[in-house]
Amino acid sequence: MENINQVSMPRIGDQAPPFKAVTTQGDINFPQDYTGDWVILFSHPADFTPVCTSEFMTFASMEEKFNQANCKLVGLSVDGLYSHIAWLRTIKEKIEYKGMKNVEVNFPLIEDITMEVAKKYGMIQPGESSTKAVRAVFFIDPKGIIRATIYYPLSLGRNFEELYRVLIALQTADAFSVATPADWQPGDDVIVPPAGSCGTAKDRMEGKEDMKCYDWFFCTKPIDKEKVLSTILKKP
Ligand code: BEZ
């Protein structure tokens, strides 16, 4: 017998499940249309709700910053297209919040009234709500691989600076073959080599004076903030 509480959730390292959808910016073929770019696919519970409105205003205001890091944004809720359009128009024309006003949402917002996409991505979590998507966030790399996932409940608005930090940390790990420690921000030391591939402390220290080892399994090295950002961010 089918267990309605069982949800399939794409995992880190999986290929992003493909789908075609109608959005506020036209039809999309996902993730194929985003090949070569990073993309953050995120869901929200419902249009015309306060937490979601604060999130959309914040994310839309930061869109250029994400685009500079070669990352596109794609939203989704189980509302229909006309609801999406009316809500985004209300945000632009009427809402002033925390200094943000006239906010235009230029990234696509997927309509998913059948919940087909939301179910594919484990965004419907019946213990929280069987009629609304939770606040899911998928970080998908230029090859269409899911690299990080975060899920929040309905009542909790996301921290978009943290989402940006995750994106930059993933790209830094790829570009420099390093890992990033707790609370890492560009300019902080990184962990080298990535956990699990250690030689002896002596091997690892040889000729690497700038490395700092706390023990044989835990070494860091500095990377300049400028070097990180100039590697990752598009040139102006
Ligand atoms: C909100 O975005 O405010 C919200 C949406 C669904 C349930 C609870 C809060």
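Some notes on this structure:
- Any hit, the range 110-121, residues being within 16 Å of the ligand (Cβ to nearest atom), in a loop (DSSP other than H, G, I, E, B) and of a type in the set (Ser, Thr, Tyr): no
- Any hit, the range 41-54, residues being under 30 Å from LYS235 (Cβ atoms) and more than 14 Å from the ligand (Cβ to nearest atom): yes
- Taken across the range 4-25, residues that are within 16 Å of the ligand (Cβ to nearest atom), under 18 Å from GLU111 (Cα atoms) and free of Cβ contacts under 8 Å to residues at least 60 places away in the same chain do not occur at all.
- Some residue of the range 116-128 being of a type in the set (S, T, N, Q) and over 23 Å from the mean Cα position of the chain (by Cα): no
- SER130 meets the conditions (1) open to solvent by less than 10 Å² (accessible area, probe 1.4 Å); (2) more than 20 Å from ARG165 (Cα to Cα) in every case but one. The failed one is (1).
- For the range 135-153, the set of residues classified as open to solvent by 40 Å² or more (accessible area, probe 1.4 Å) and within 15 Å of the ligand (Cβ to nearest atom) consists of TYR151, PRO153, listed by residue number.
- Complete set of residues in the range 55-99 that are open to solvent by less than 10 Å² (accessible area, probe 1.4 Å), within 16 Å of the ligand (Cβ to nearest atom) and among the aliphatic types (A, V, I, L, M): MET57, LEU76, ILE91
- Residues of the range 23-36 satisfying the condition of being open to solvent by less than 30 Å² (accessible area, probe 1.4 Å) and assigned to a loop (DSSP other than H, G, I, E, B): PRO31
- Among the residues of the range 37-68, those that are in contact with a strand residue (DSSP E or B) (Cβ under 7 Å, 6 or more places away or on another chain) and either not in a helix (DSSP H, G or I) or not assigned by TED's automatic domain parsing to the domain that holds PHE107 (or both) comprise ASP37, TRP38, VAL39, ILE40, LEU41, PHE42, SER43, HIS44, PRO45, ALA46, ASP47.
- With respect to the conditions (1) farther than 30 Å from THR172 by Cβ; (2) modelled with pLDDT of 95 or more, MET1 falls short on a single one, namely (2).
- From the options VAL103, VAL74, residue that is closer than 15 Å to THR23 by Cβ and at pLDDT 95 or above: VAL74
The values are calculated or read from the model by the stated rules, or taken from the named source; none is laboratory data. Given the structure is predicted, the values throughout are model-derived calculations rather than measurements. Note that we place each Cβ from the backbone using ideal geometry, even for glycine, and neighbour counts take in every protein chain shown. Areas reflect the complete protein model, heavy atoms only, side chains present, ligands, DNA and RNA absent. Shrake-Rupley method; radii C 1.70, N 1.55, O 1.52, S 1.80 Å.
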